[in-house]
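A.B. asks: Can you keep this structure in mind? I'll have questions shortly.
The values are calculated or read from the model by the stated rules, or taken from the named source; none is laboratory data. Predicted model only: the values in this text are computed from it and were never measured. FYI the Cβ positions are ideal-geometry reconstructions off the backbone, even for glycines, and counts take in every protein chain you see.
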Amino acid sequence: MRVLVAGSSGFVGRRLCPALEEHGHTVLAMTRQPEHYAGAGTAVYGDVHDEDSLRSALAGVDAAYYLVHSLGERDFEQQDAAAARAFATAARDAGVHNLVYLGGLGEESDELSAHLRSRRQVEYVLAAEGVPVTVLRAGIIIGHGGISWEITRQLVENLPVMVTPRWVGTRAQPIAVADVVRYLVAVLGEPAAIGRTFEIGGSEVLTYVDMLKRLAVLEGRRLLVIAVPLLSPRLSSQWLSLVTDVDVPTGRALIDSMGNEVVVSDDRHGGIREIVDFTPMGYDDAALAALRERAMSRRERKERR
């Protein structure tokens with residue numbers, strides 16, 4: 001298939017493009033700076049806020065992945081909705097057969113945070129123009145360079161004693177980025193997946209404090225966590241910006257989401273296992289893979305100097 005990946009330079013996209021090529025697909029990597037793109041596939045210019053560029057990028061495409069979001073912007077909900085609408089319209093006009101979107105877990109009855117609410121809204125906007133959409137909903141994705149993972153890693157490495165908000169007791173079902181890519185590749189062109197929504201997660205359900213403590217053990221560090229129930233989201237995001245390299249708007253959006261449980265709920269109905277049946281990595285294996293990738297990346301940077 002001829003496949004366009006919007007978000008090809010991002011955390012998931014730069015791993016998805018080579019995986020698609022390995023499966024024999026022709027990959028178009030959409031980017032605003034094709035002259036600087038060095039990843040898998042053929043770089044094509046496209047900007048989700050420029051409809052003319054989207055029509056050009058999507059011309060002759062069979063299917064497209066949408067991995068774009070504007071989390072670091074203060075008006076990200078409006079930007080994400082507008083970008084998804086432009087992309088869906090251009091895909092319809094180009095005759096694209098299927099869109100694949102990576103969204104977020106979370107029950108709508110739980111009053112989703114702005115971040116998760118935006119992810120859900122994008123699902124509906126993408127489907128509104130008539131192109132069948134396959135949605136994979138994930139929670140925390142573990143891998144080198146992922147924002148949620150970097151927060152976890154940097155907190156453990158920078159703070160032996162941690163005063164944390166109440167969200168450390170929220171449950172999540174973290175998943176390795178390699179397993180996310182495996183699912184994304186598997187649903188492409190699969191008739192049973194078109195127009196459907198699937199929830200994906202790793203093999204364990206953990207609280208955030210569980211993840212922090214287990215990562216500390218893996219790294220041979222000692223960690224004391226003290227929960228402070230009255231620490232507000234605003235103060236929490238400012239705290240994160242002081243002890244990690246995550247900016248305040250992004251930190252605030254993520255912290256608001258940490259009040260929502262992000263756990264797979266559709267396994268009992270078959271869910272994604274109808275399409276691809278394998279056992280995802282456990283948390284420790286996913287974390288170790290992320291740490292190894294980070295170490296390798298640092299070595300490669302040193303060698304290039």
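Here is a yes/no grid of residues against (1) touching a Cys at 6+ places or on another chain (Cβ under 6 Å); (2) farther than 28 Å from L288 by Cβ; (3) not acidic (D, E):
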residue	(1), (2), (3)
T89	no, yes, yes
L102	no, no, yes
E107	no, yes, no
L112	no, yes, yes
E123	no, yes, no
G130	no, yes, yes
G145	no, no, yes
T170	no, no, yes
V177	no, no, yes
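A.B. asks: Can I ask one more? Here are G46, G60, G7, G24: which of them is small (G, A, S) and over 23 Å from G130 (Cα atoms)?
C.D. replies: G24
A.B. asks: Here's a follow-up. Need the failing condition index for L188 against (1) farther than 28 Å from G13 by Cβ; (2) modelled with pLDDT of 95 or more, just the number.
C.D. replies: Unmet condition: (1).
Rundown of residues vs (1) crowded, with 20+ Cβ neighbours inside 10 Å; (2) within 28 Å of E22 (Cα to Cα); (3) touching a residue at least 40 places away in the same chain (Cβ under 8 Å), yes/no style:
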position	(1), (2), (3)
L99	yes, yes, no
E108	no, no, no
V122	yes, no, yes
L126	yes, yes, yes
G139	yes, yes, yes
V187	yes, yes, yes
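A.B. asks: Counting only residues that are touching a Gly at 6+ places or on another chain (Cβ under 7 Å) and in a helix (DSSP H, G or I), how many does region 130-157 have?
C.D. replies: Looking only at that region, the number is 1.
Here's the yes/no breakdown for (1) surrounded by fewer than 16 Cβ atoms within 10 Å (Cβ to Cβ); (2) touching a residue at least 60 places away in the same chain (Cβ under 8 Å); (3) in a loop (DSSP other than H, G, I, E, B):
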| residue | (1), (2), (3) |
| --- | --- |
| F11 | no, yes, yes |
| P18 | yes, no, no |
| S53 | no, no, no |
| Q78 | yes, no, no |
| A84 | no, no, no |
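A.B. asks: Output the number of residues of region 55-76 satisfying the condition of being surrounded by fewer than 18 Cβ atoms within 10 Å (Cβ to Cβ) and part of a helix (DSSP H, G or I).
C.D. replies: Result for region 55-76: 2.
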